Every structure is written in C-alpha cells, then in structure tokens.
Amino acid sequence: MLFLVWFFRILWQAFPSLWACILFWVVISGIEIQYIRKPLQKINWWTKTPILLGMCMNALVTLANNGRMPFFGHIKAKSLWVLGTGKHLLFFCDRFETRWAIFSIGDFFIIGGLLLSLLIWLFRERDESIESMQASKKAERTLLPQEAHSSLKTP
C-alpha cells in the first residue's frame, strides 16, 4: 500500500493535474478507511483525528485549485505549487514559511497528530514496563511464602 502512495505522489509531482491529484487522494482515503475499518485494531482517536483533519484540509485546497497547492512565500513556484494570488480556499494554502519549507494549516494538524502519537507511544511503553515490573514483584511476593512453607515440609 505504501508503494501506491509513493507512486501516485510521484505521478502527481511529475504531472500536476486534477486527475493525478484525485488519484493520490483516493489512494490515501482508501488506505485510511481500510485502517479504520479493521476490527482488531485499536485506534487512538486523539492522534488520528488531527491527522485526518489535516489530510482533508490539504485535499480540499488542492482539489479546489485544479490539483495544485497555492502558496504565499518567497520561493520559486515549481511542480504542483502555484502562487496563491487569485486562487480558492487560500486560508488552507501553504503560507507559513521557514528556511527550508512552507507549511499549511493542514500540515500543522498532520505534524501535531504524528507528534502526539509519538508522545503517547513513548509514555505508554514506559507505563507498561512499570506495570509489568509491579506485577512481577507482586507475583514474587505471593510465591515466596508458598516456597518457604514447601521447603519446611520436605525435610
């Protein structure tokens, strides 16, 4: 599936058009729907919701602008990015410029959701290890008295 995402992203980058944009977002949406519909998968909606919102914001602005992402900044327009003057839904366009990239509001939602999922994963691992240590100590405490009684009966 990841191969399809990269394939259609490169296709859209090489041949920016509304159809390439539609194909890319259909593949991304299909993968997300397939992920959400898995019955055995636990979904953390605190992290998934901002990622989906950011994805929808970016899809909405690119589809409204004929498969191109408008931007405001000082870099030269290339490939699927176009200067934002006279375009639609400019609130969602790439407008926050750094030294190496320009971000949209949707990008910030996606990055925020990914960072939140990373933080939750890191703290969950630590909490699970603490819980397992506490459970093993509790098991040791319950086993030790039984072992002492059994050693008294054997001689």
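Coordinate-derived values only; no laboratory data. Every value quoted in this text rests on a predicted model; they were computed, and no experiment measured them. For neighbour counting, all protein chains shown are included, and Cβ atoms are generated from backbone atoms with ideal geometry for every residue, glycine included.
Label points 7 Å out from Cα along the Cβ direction at residue 88 and residue 60: separation in nm?
Label at residue 88, label at residue 60, 1.3 nm between them.
For a Förster distance of 30 Å, can you work out the FRET efficiency between the beta-carbons of residue 96 and residue 38, rounded to the nearest 0.05?
Plugging the Cβ-Cβ distance into 1/(1 + (r/R0)^6) gives 0.30.
Fully extended, how many nm does the chain gain between residue 141 and residue 3 (0.36 nm per residue separation, minus their Cα-Cα distance)?
Roughly 44.5 nm would be gained on extension.
Highest first, please rank the peptides 13-22, 62-71, 115-124 by the mean number of other Cβ atoms sitting within 10 Å of their residues.
Result, highest mean Cβ count within 10 Å first: 62-71, 13-22, 115-124.
Starting from the 7 Å offset along Cα-to-Cβ, what nm value, one decimal, do you get for the label separation of residue 76 and residue 108?
Placing both labels 7 Å beyond Cα along the Cβ direction yields 2.9 nm.
May I ask you to sort 27, 5 by Cβ crowding, counting other Cβ atoms within 10 Å and putting the fewest first?
Listed from fewest to most nearby Cβ atoms, that is 5, 27.
How large, in Å, is region 1-52 by the Kirkwood hydrodynamic radius built from its alpha-carbon pairs?
Hydrodynamic radius (Kirkwood, Cα pairs) of region 1-52 is 12.2 Å.
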